[in-house]
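Asker: Mind having a look at this structure? Questions to follow.
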Amino acid sequence: MQQLTVSSRTNGLDLRIPLGIAAGLRLQAGDTLELVPVVDGILLKKASPENRRYHLADILDSFVPASRCAEIDFGKPQGGELW
């Protein structure tokens, strides 16, 4: 068992995970972890993909132009629409 020291930050506390443990768990900088309180402490686990928060840039990067629908023409303006 390895002991860790809690460090203070401006808006919270930090834990430093030793590289050997991080490599064994395949953790990388930027990974999201879930913090779960348990009876005698806390449990840290890698967040599951379905709980991942997406960024707009990631969503737009995955856009496939071939999946785009064809343009629909509704005809000439019928009222005071601006086209």
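The values are calculated or read from the model by the stated rules, or taken from the named source; none is laboratory data. As the structure is a prediction and not an experimental result, all values here were calculated from the model. Note: ideal-geometry Cβ built from the backbone for every residue, glycine included; neighbour counts use all protein chains shown. Note: areas computed on protein heavy atoms with side chains; ligands, DNA, RNA excluded. Shrake-Rupley method; radii C 1.70, N 1.55, O 1.52, S 1.80 Å.
Asker: Give me the distance in nm between label points sitting 7 Å out from Cα along the Cα-to-Cβ direction at residue 14 and residue 43, one decimal.
Answerer: Going by the 7 Å Cα→Cβ label model, 2.8 nm.
Asker: Right, something else. May I ask you to compute the full-extension gain from residue 54 to residue 26, defined as 0.36 nm times their residue separation minus their alpha-carbon distance, rounded to one decimal in nm? All intermediate terms of the calculation are to be shown ahead of the outcome.
Answerer: Details: separation 28, 0.36 × 28 = 10.08 nm, distance 2.07 nm.
Extending this stretch completely gives an extra 8.0 nm.
Asker: Additional query: Might you report the magnitude of the Cβ-based charge dipole of segment 1-77 about its Cα centre, with Lys and Arg at +1 and Asp and Glu at -1, to the nearest 20 debye? Show your work: numbers first, answer last.
Answerer: Details: 9 positive and 9 negative charges, 30 e Å.
Roughly 140 debye, rounded to the nearest 20.
Asker: Same structure again: Ignoring ligands and nucleic acids, what accessible area does residue 9 show with a 1.4 Å probe (Å², nearest 10)?
Answerer: Counting only protein heavy atoms, residue 9 exposes about 150 Å² to solvent.
Asker: Here's something else I'd like to know. Compare 39, 6 by solvent-accessible area with a 1.4 Å probe and give them largest first, with all protein chains kept in place. Don't jump to the answer; show the numbers that get you there.
Answerer: On the way: 39 155, 6 85 Å².
Highest to lowest solvent-accessible surface, that is 39, 6.
Asker: Now a separate question. When only DSSP loop residues count, what GluC sites (Glu not before Pro) in the chain have their Cβ near at most 11 other Cβ atoms within 10 Å?
Answerer: 71, 81
Asker: I've got another one for you. Relative contact order for the chain using alpha-carbon pairs under 8 Å, separation at least 6, rounded to a whole percent?
Answerer: 12
Asker: (1) -0.72; (2) -0.81; (3) -1.05: which one is log10 I(q)/I(0) by the Debye sum over Cα atoms at q = 0.18 Å⁻¹ as calculated from this entry?
Answerer: Among (1) -0.72; (2) -0.81; (3) -1.05, the one derived from this structure is (3).
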